[in-house]
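Notes to accompany the following structure.
The values are calculated or read from the model by the stated rules, or taken from the named source; none is laboratory data. Since the structure is predicted, the reported quantities are computational estimates derived from the model, not experimental observations. As a convention, Cβ positions derive from the backbone with ideal geometry for all residues, glycine included, and neighbour counts pool all protein chains shown.
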Amino acid sequence: MYQNDTIAAISTALGEGAIGIVRLSGPDAISMANKVFKGKDLAKVDSHTIHYGHVINPKNNHVIDEVMTSVMKGPRSYTMEDIVEINCHGGIIAVQRTLEVVLDQGARMAEPGEYTKRAFLNGRIDLSQAEAVMDLIQAKTDKAMQASVNQLQGSLSSKISVLREEMLQTLAQVEVTIDYPEYDDVEEMSLTQLKETAESVKASIEQLLRQASQGRLFREGINTAIIGRPNVGKSSLLNFLSGVDKAIVTDIEGTTRDTIEEFINIRGVPLRLIDTAGIRQTDEIVEQIGVEKSRQVMEKADLIILILNQAQALNDIDLELLDLTKDQQRIILLNKSDLPTVLDHDQLAKYVDASSIITTSITEESGLDQLEAMIEDRFLGGHLQAADVNYLLNTRHTQLLKQAIEALEEVIDATDMALPVDLIQIDYTRAWDLLGEITGDSVQDELLNKLFSQFCLGK
Ligand SMILES: Nc1nc2c(ncn2[C@@H]2O[C@H](COP(=O)(O)OP(=O)(O)OP(=O)(O)O)[C@@H](O)[C@H]2O)c(=O)[nH]1
Ligand SMILES: [Mg+2]
């Protein structure tokens, strides 16, 4: 066993709930729980059983709560250590008091993520699986959750392992060829083998990164900027799609001064919807700042919803916005369709593909179904199903993969230049090590502490 102290924490969210769980893990979990539990002798019960009883304060024998206590003996537990979970009645007081008496017995308060860290240190899960636990806790949509579950089951780790295995085999072959130089073309054969493997592993990593960038959209939400001139209905759209009156709507131009965000879910597609200040020339200082901010949001967005008022002619600002966003994923709304049409459709057609235009009236709630359908189609339309978001790479994974690609590119270049094999092996091995860091086969303590501290308490 890696750790020899026993930790305890409240493992459920703080607040009102039907039950709250105090969880202990470590060599003394059962004996400590036994001291505060009145019911069966937990030292004698079978593993993976649950028992009715009471938590008492051993100092004065007062009953703290009526509880169900489960016992899971290591190594068949989440941490691979002995675990006791005391299911108290929900609400903060009973759970807190139970934790207090457990700590009185000598248990140490667990740090955030420490249970998962122990599962990792004791070898039950690898690092990318541990990170998946965190994603699972934070998942905002079903699809993000599915991806985390896949990762928890080891989809990223097994993918990485396959690549490392492939690299190792080539390396072994190269070593063998070098040790038995019966042929004249040993060097050449080795170069070819190293190059082929480097290229194939590099291609696999690139594919992984591509899939993951779509995965990111699902985890963090698609940054969606609603932009347009003042008064076209941007805030009205935010309010409609989010179902709450979050933004102020008036017929005064320049109502929205600052960006307003709302996380929403449209037909399974998570959007981080950002309402922006209407863009126009203005001398008013607060509005100027708002307009500047709108432009920044627009640049960073994954999806732009550009609203035009079809009851007015296109003006310079509309044309500027159409031009600025021409290379981005965008949807153009021709809003206020309940009013007479003034906007020149032929003129607009010069700037936008008809397939990304939707005519709407937000006040009369028309055309909004089409908007939802288009969003669904863009992001789920065949090319981004849950199966494709198996890999949720975080920044750490992405960086390591990119560094591995760089090392592999050095390998490829070096083989092209026919450099000595032992020199090439240095970069080759570096790529192999970098991949190993993803699954935690070679990581430092500092990194571990940082990673696990991002977890919530009690997990
Ligand atoms: N007739 C009509 N009026 C609309 C429609 N959509 C929004 N409006 C009205 O247009 C006005 C401006 O709406 P907002 O949503 O505040 O516009 P905005 O784009 O956020 O404006 P700024 O915050 O000033 O940039 C309000 O009076 C809305 O009720 C529509 O489809 N038809
Ligand atoms: Mg507004």
Having 2 or more residues that are among the acidic types (Asp, Glu) is the bar; report the helices (runs of 4 or more DSSP H) wholly within region 27-126 that clear it. 92-104
Which numbered condition trips up residue 86, out of (1) at pLDDT below 95; (2) touching a strand residue (DSSP E or B) at 6+ places or on another chain (Cβ under 8 Å)? (1)
Restricting attention to region 266-297, report how many residues are in contact (Cβ under 8 Å) with a residue 60 or more places away in the chain, within 15 Å of ligand 2 (Cβ to nearest atom) and among the aliphatic types (A, V, I, L, M). 1
Being within 22 Å of the chain's Cα centre (by Cα) and crowded, with 20+ Cβ neighbours inside 10 Å is the filter; apply it to region 217-232 and report the residue that is modelled with the highest pLDDT. 225
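Yes/no matrix, rows are residues, columns are (1) surrounded by 16 or more Cβ atoms within 10 Å (Cβ to Cβ); (2) of a type in the set (Ser, Thr, Tyr); (3) outside the structural domain of residue 12 (by TED's automatic domain parsing):
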{"residue": "44", "(1), (2), (3)": "no, no, no"}
{"residue": "54", "(1), (2), (3)": "no, no, no"}
{"residue": "60", "(1), (2), (3)": "no, no, no"}
{"residue": "64", "(1), (2), (3)": "yes, no, no"}
{"residue": "79", "(1), (2), (3)": "yes, yes, no"}
When you go through 25, 11, 70 one by one, which is the residue that is at pLDDT below 90, buried (at least 16 other Cβ atoms within 10 Å of the Cβ) and in the same structural domain as residue 110 (by TED's automatic domain parsing)? 11
Count, please, the residues in region 274-323 that happen to be more than 29 Å from the chain's Cα centre (by Cα) and β-branched (Val, Ile, Thr). 8
Just the residues that are assigned to a loop (DSSP other than H, G, I, E, B), out of contact with any Leu (no Cβ under 7 Å at 6 or more places or on another chain) and not acidic (Asp, Glu), please, taken from region 346-367. 350, 363, 367
Selection from region 65-105 of residues in contact with a Phe, Trp or Tyr (Cβ under 8 Å, 6 or more places away or on another chain) and hydroxyl-bearing (Ser, Thr, Tyr) yields 69, 78, 79
Please determine whether any residue of region 332-353 is touching a Lys or Arg at 6+ places or on another chain (Cβ under 7 Å), in contact (Cβ under 8 Å) with a residue 12 or more places away in the chain and closer than 22 Å to residue 223 by Cα. no
